[in-house]
Amino acid sequence: MTKTAVVGGTVATEAWAGLASVLVSDGRIEAVVSPETRVEADRIIDASGMVVIPGGVDPHCHIGQPLGDYPMLDDFPSGTLAALAGGTTTIIDFALPPQMGVHPLEILDRRLDEATASRCDYTFHGCINPGTEDIPQVIADMVERGLRTVKLFTTYRDLLMVSSYVVRQVMATLKEHDGLTYVHAEANPCVEAAQAHAAELGQIDASGMASTRPEECERDAVSEVLEIAEDLSAPVYFVHQSTPQAVDLCVDARKRGVRAFSETCPHYVTLDDSQYRREHPEKWVCCPPLRSRETLEALVRRIESGFVDTVGSDHCCYDTGQKSERADDVRVMPNGLPGIETRLAVTYTALVASGRIGLSRFVQLTSTNAARLNGLFPRKGTIAPGSDSDLVVLDPSASRTVSARDLHMRTDYSPYEGRTVKGWPVHVLARGEVVVSDGELHDPGPVGRRLDAGPIDASR
Ligand code: URP
Ligand code: ZN
Ligand code: ZN
């Protein structure tokens with residue numbers, strides 16, 4: 001049994017931060033001790049001057065997800081290696097039926113099978129698509145496979161969009177299983193009207209992206225879904241919220257006792273819609289789109305105030321060739337940005353290095369809350385005796401310039417190309433194994449474990 005000690009760093013969990021050493025054995029955290037304690041270990045990692053946080057938990061990524069006409073270019077080995085390189089040691093991916101007619105359990109079994117090649121620990125959100133029959137039984141079968149979250153879409157007609165009746169049915173069923181409904185909330189009538197208008201004006205290409213899915217689309221869908229959640233007293237989680245208005249709706253609902261949760265993404269707090277006025281605007285086409293600088297600033301203020309629960313990458317691994325092929329029409333081009341590897345550093349730079357939030361809040365946003373809201377806490381998302389020894393050691397003073405050439409995601413670009421970031425991992429331990437050492441990634445092989453979600457604690 002190999003013992004590792006990470007000594008003398010500033011250890012931060014959601015609940016506390018201070019100088020400490022972390023002792024690790026057999027893939028678990030054995031103890032957290034004062035930095036003066038003499039430790040004996042087979043391997044000692046000196047973390048003096050560095051920050052030690054729980055491994056990142058990414059609640060939202062699409063690795064090698066077949067979806068529509070464009071295949072995502074990564075697979076579980078490459079996608080999870082990129083995750084590890086960026087300090088994410090657990091991912092929760094999606095089993096989205098790639099086209100109409102594919103049964104949610106068929107795709108789930110396929111994805112579970114493919115994911116056995118993962119380098120980090122993983123689980124999935126199930127999905128209910130249009131036409132799924134006997135929803136309570138399908139969800140019971142998902143729970144049987146260790147899942148307690150299901151993602152629903154209020155948009156993407158003829159692919160994933162479901163009716164509010166289905167939203168209600170899924171929420172009611174998941175509530176019975178102590179599960180949680182994840183929702184991509186953009187009101188489709190609003191989206192389609194905005195797209196039609198943009199097309200009429202000859203602005204349906206990537207440079208017009210921001211106007212094709214305006215903020216009110218998000219507001220309308222969030223309101224409608226919150227009403228259902230309130231009616232059923234069921235918890236609900238909104239993925240990739242891009243506006244302060246959407247977050248505020250959740251905050252107001254929480255004040256009325258609704259268990260509503262907000263996720264945002266690194267791109268919504270760092271990149272604004274001026275990206276669509278640059279050369280090759282298609283590189284930043286994602287749903288919802290990037291918003292105005294004013295909206296971005298207001299969203300960051302919501303994070304500062306504690307109103308956003310998680311930061312997910314919404315990683316989609318397309319390259320510039322795929323993005324540009326139909327950049328003349330955002331209705332048919334692939335949407336989504338690569339970012340599983342840059343999630344922690346981009347978020348750290350925007351929020352912690354800038355002084356807007358502290359380390360504990362950063363840990364909560366990038367790890368603890370995602371673990372909690374996926375039934376994985378306290379095994380994941382914290383540094384405490386008995387938890388998995390997933391640790392990230394980062395040097396808060398070191399800077400790095402983002403370049404796709406240095407990254408491990410299977411694409412030729414990063415939305416953050418040329419930006420200077422802080423908080424890049426120096427060392428990463430995944431269940432005790434050192435997978436990044438002095439900034440160098442070591443492939444541990446297919447050691448990622450499939451995680452079973454426990455009952456979800458949606459009480460906070
Ligand atoms: O643009 C995005 N977000 N694409 C990925 C699929 C989704 O909606 O999450
Ligand atoms: Zn989505
Ligand atoms: Zn997504």
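The equivalent ellipsoid that matches the C-alpha gyration tensor of the range 297-376 spans semi-axes of 29, 15, 12 angstrom, in descending order. Heavy-atom surface analysis with a 1.4 Å probe gives the range 1-79 a carbon and sulfur content of 50 percent of its accessible area.
Kirkwood Rh over alpha-carbon pairs of the range 87-164, then Stokes-Einstein at 25 °C and 0.890 mPa s: what D in µm² s⁻¹, rounded to an integer?
Values: Rh = 13.0 Å.
Diffusion coefficient, whole number: 189 µm²/s.
For the range 175-220, with all protein chains present and a 1.4 Å probe, just round the carbon and sulfur fraction of the accessible area to a whole percent. Before the final figure, lay out each step's value.
Details: 900 of 1860 Å².
Whole-percent figure for carbon plus sulfur exposure: 48.
Only beta bridges with both residues in the chain are counted; by DSSP, about 45 percent of them are antiparallel.
Of the listed residues Thr37, Thr310, the order by accessible area with a 1.4 Å probe, largest first, is Thr37, Thr310. Evaluate the Debye formula for the range 349-434 with equal point scatterers sitting on the alpha carbons, no solvent, and hand back log10 of I(q)/I(0) at q = 0.14 Å⁻¹, in q order, two decimals. These q points yield log10 I(q)/I(0) values of -0.63. Our summary gives the chain a relative contact order of 22 percent, counting only alpha carbon pairs under 8 angstrom and 6 or more residues apart. Computed from the Cα positions only, the extents of the chain along the three principal axes stand at 69, 49, 41 Å, in decreasing order.
Ranked from largest to smallest solvent-accessible area, with a 1.4 Å probe on the protein heavy atoms, Lys283, Lys323 come out as Lys283, Lys323.
Ranked by the mean number of other Cβ atoms within 10 Å per residue, highest first, peptides 422-428, 301-307, 225-231, 76-82 order as 76-82, 422-428, 225-231, 301-307. Heavy-atom surface analysis with a 1.4 Å probe gives the range 318-385 a carbon and sulfur content of 48 percent of its accessible area.
Could you rank Asp395, Asp452 by how accessible they are, 1.4 Å probe, largest area first? It would help to have the intermediate numbers written out before the result.
Values: Asp395 40, Asp452 105 Å².
Reading off the accessible areas and sorting them downward yields Asp452, Asp395.
Partners of Lys422 within straight-line reach, counting aspartates and glutamates whose Cα lies under 14 Å from its Cα and excluding those fewer than 8 residues away in the same chain: Glu341, Asp395. Protein heavy-atom accessible surface, 1.4 Å probe, per residue over the range 56-372: 32 Å².
The values are calculated or read from the model by the stated rules, or taken from the named source; none is laboratory data. All of these numbers come straight from a predicted model, not from anything done at the bench. Heads up, the Cβs are rebuilt from the backbone with ideal geometry, glycines too, and the neighbour counts pull from every protein chain shown. Remember, those area values only see protein heavy atoms, side chains included, never the ligands or the DNA or RNA. Shrake-Rupley method; radii C 1.70, N 1.55, O 1.52, S 1.80 Å.
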